[in-house]
Structure formats: structure tokens, C-alpha cells
């Protein structure tokens, strides 16, 4: 019996370049508050931290600039981008439209295996909520959305959402601590996966829109607290360095 070509040929995955590795680490650092809004990203310090050339750091910062995670100020350097409340709320309205499409198409197009994986992520989030573990909940949240993007069947939609989520994640991360967000999010995710398992596209869209409105309300109510916490994080880190 002749083996299929797909069974014989392994897909080659190019290892990340130095600048790509720096991009991924800095994205995570910005999301987790290691670097906070309006903080300067000092190229020399970053080059020393990663043990790389300043050129590699500049390349990484250019990539982050395209995602609006950092802003270049002429003659001053790169700074972590700060989103105003108005910008954040505009972003959440856009997210509602895009995620309603992604979840609806997932309910319609996903394989049974993808739905099973999404369900596992939902229950990982529930476990994190019961343990009151924000970090685990955050990881489960975005593991779930990764599966949704994989199964929605639209590369263009995936590209749009990945771009906007790069900017939104740091606010989402901190917002999980407020207004019973973990519990309510867990409830919505369980209801969503039930609707998806039934291939109920209309119910899925209704639930994700309700959930996006809820998460946007949490952000709006707690925006000042969230931004203050970001700045506190920066002050603490500077104190430790001193």
C-alpha cells in the first residue's frame, strides 16, 4: 500500500528569528504590565536584557509599532502606547462585531475535534475561576479564542482579530479582577460551548454579543482603577530596581 504524500512529508516550520523572539516576549511583558502605558522602551537596556544587538531590538519595536503596542516619538524613542477610555470603548465595539462573526462561523464550520478542544478550554477557565487564579483564567481565555479562530474558517477575520487583540489583551488581563468578572465570564463560556455543541448559530451570536457588552461595561467602570494599577506596577518595579 502506497502511503499518501501528506503522511510522508513533514511540514517544515522555520524557527523564529531573534527579533521575532523579542517581539513575542515584549508583547507578553506589555500585556502583563512589565512595561506600562507611556513608559519608554530603552533600546540599549533591551539589547542588554536580551543579549542581542540594538538593530534586533529596533526591528522588534518596529513590529510592535505596527500593532500599536508602542509609539515612536521623533527624537525621543519608543513608548508603550496608552489607550484612552474612548479608544478602548471603540475597540470593544469593533471586537463585538468581529467576535460575533468568529463564534458564529465556528458554531457553523468547526470540526467536532475543534469543538471538543474549545470545551476543554472552557472548563480550564472554570477551574481557574474556582481557584481564583487570574493568570490561569487569562491563559484559558485566549487558548479558547485561539481554537475559535482556528475553526472559524476565515483567514482575514483571524488577521483582523489578532491585530486588535494585541492591543486589548493588557486591559482584558487586568479587568478580570473586577466586578465578579471571572464568575460571569465562566458562566457565559459554559453557555456558549453548549450552544456551539448544538450548532445553534443564532444562540451563539446572541451570547457572545451579550458577553462582549458585559466585558466592555466592566472596562468602562474600572478604567481608572486599571490604568492606576498599571502605573503602580511600574512604580513598584522601579523601586525594586533601585
Do you know which residues across the range 51-74 are in contact with a strand residue (DSSP E or B) (Cβ under 8 Å, 6 or more places away or on another chain) and in a loop (DSSP other than H, G, I, E, B)?
69
State yes or no: is residue 43 over 26 Å from residue 172 (Cα atoms), surrounded by 13 or more Cβ atoms within 10 Å (Cβ to Cβ) and in contact with a strand residue (DSSP E or B) (Cβ under 8 Å, 6 or more places away or on another chain)?
yes
Going by what's in this entry, would residue 132 be described as loosely packed, with under 15 Cβ neighbours inside 10 Å, at positive phi, assigned by TED's automatic domain parsing to the domain that holds residue 169 and over 15 Å from the mean Cα position of the chain (by Cα)?
yes
Hey, can you tell me all the residues within the range 68-106 that are free of Cβ contacts under 8 Å to residues at least 24 places away in the same chain and at negative phi?
71, 72, 73, 74, 84, 86, 87, 90, 97
Verdict on residue 65 being without any contact (Cβ under 8 Å) to a residue 24 or more places away in the chain, within 30 Å of residue 45 (Cα to Cα) and surrounded by 13 or more Cβ atoms within 10 Å (Cβ to Cβ)
yes
Is there a residue in the range 86-108 that is assigned to a loop (DSSP other than H, G, I, E, B), touching a helix residue (DSSP H, G or I) at 6+ places or on another chain (Cβ under 8 Å) and either surrounded by fewer than 20 Cβ atoms within 10 Å (Cβ to Cβ) or not assigned by TED's automatic domain parsing to the domain that holds residue 62 (or both)?
no
Failed criterion for residue 115 (all others in (1) within 23 Å of residue 67 (Cβ to Cβ); (2) surrounded by fewer than 22 Cβ atoms within 10 Å (Cβ to Cβ) hold)
(1)
Positions within the range 46-62 being touching a helix residue (DSSP H, G or I) at 6+ places or on another chain (Cβ under 6 Å) and either on the phi > 0 side of the Ramachandran plot or surrounded by fewer than 14 Cβ atoms within 10 Å (Cβ to Cβ) (or both), in sequence order
54
Surrounded by 18 or more Cβ atoms within 10 Å (Cβ to Cβ) and within 21 Å of residue 80 (Cα to Cα) - does that describe any residue in the range 174-190?
yes
Please list, ordered by residue number, the helices (runs of 4 or more DSSP H) wholly in the range 110-213 having 2 or more residues that are out of contact with any strand residue (DSSP E or B) (no Cβ under 6 Å at 6 or more places or on another chain), under 30 Å from residue 35 (Cα atoms) and free of Cβ contacts under 8 Å to residues at least 24 places away in the same chain.
112-130, 134-151, 155-175
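The values are calculated or read from the model by the stated rules, or taken from the named source; none is laboratory data. Bear in mind the structure is a predicted one, so any value in this text is a computation, not a measurement. Don't worry about glycine lacking a Cβ; one is built from the backbone with ideal geometry, like all the others, and counts go over all protein chains shown.
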